[in-house]
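Heads up, the thing below is written out as structure tokens.
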Amino acid sequence: MTQSLWLWLVLALLVFWAVGAYNRLMRLRAQVLISFQAVDRCYSGLVALVEETMPDVTTDTSVHQHTVLRGAGTQFDSSLRVARRDVLEPAALAALRTAHTTLQVCWTRLVETCQPPSAPLKPPWQEAWVDNRRQAADAVTQFNQAVQAHNAAVGQFPAQLVAWVFGFIPVGNL
């Protein structure tokens with residue numbers, strides 16, 4: 001009788017531990033999804049800025065850079081839509097990270113082309129870009145912290161067993 005009692009106690013303990021581990025993984029997963037919403041808002045703002053920006057494009061070089069920026073903005077918007085659909089997919093986040101880097105490089109080239117270094121003031125569209133970039137950097141930092149906590153929990157033994165059973169995988173960062 002005492003042997004079966006011990007068996008039931010151990011079984012109950014394992015079930016309660018598994019439920020707790022599952023709930024923890026789900027809570028961390030939800031934090032990743034919630035933190036991506038702030039990134040999404042900031043990144044959507046970058047897309048809007050690219051679409052609205054009409055710098056002084058007077059030379060052939062600046063017209064070309066503006067066209068390149070529009071193309072990078074389209075690529076970034078497409079990557080953002082894919083990442084928005086599946087935030088937990090590492091490949092989608094890697095594509096978004098690459099598209100963001102490309103967009104930033106194109107924006108920098110356009111600013112260098114359209115604004116002479118001796119200009120005393122930045123145009124309003126450039127100030128809006130810098131403000132949005134600061135907000136996006138904060139949102140990305142929070143997202144990456146949530147991802148780190150999630151990935152650490154998914155990789156810990158024995159919670160790793162629960163993660164494997166329910167298909168939790170490590171998430172990529174931005």
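The values are calculated or read from the model by the stated rules, or taken from the named source; none is laboratory data. As the structure is a prediction and not an experimental result, all values here were calculated from the model. Using ideal geometry, Cβ is built from the backbone for each residue, glycine included, and neighbour counts are taken over all protein chains shown.
Listed conditions (1) in contact (Cβ under 8 Å) with a residue 24 or more places away in the chain; (2) of a type in the set (A, V, I, L, M, F, W, C); (3) assigned to a helix (DSSP H, G or I) are all met by LEU88, apart from (3). All of LEU88, LEU103, LEU121, LEU110 fail the test of being at pLDDT below 90 and buried (at least 19 other Cβ atoms within 10 Å of the Cβ), apart from LEU110. Residues that are among the hydroxyl-bearing types (Ser, Thr, Tyr), modelled with pLDDT under 85 and either part of a helix (DSSP H, G or I) or surrounded by 12 or more Cβ atoms within 10 Å (Cβ to Cβ) (or both) occur at least once in region 37-59. When GLN3, GLN75 are checked against the criterion of being surrounded by 13 or more Cβ atoms within 10 Å (Cβ to Cβ), out of contact with any strand residue (DSSP E or B) (no Cβ under 6 Å at 6 or more places or on another chain), over 20 Å from ASN144 (Cα atoms) and of a type in the set (S, T, N, Q), GLN75 stands alone in meeting it. Among the residues here, TRP6 qualifies as modelled with pLDDT of 85 or more and more than 14 Å from the chain's Cα centre (by Cα). Taking the condition under 21 Å from LEU49 (Cβ atoms), part of a helix (DSSP H, G or I), modelled with pLDDT of 90 or more and not β-branched (Val, Ile, Thr), does ALA149 pass? No. Each residue in region 37-51 was checked for being among the β-branched types (Val, Ile, Thr) and under 8 Å from ALA136 (Cβ atoms), and 1 of them qualify.
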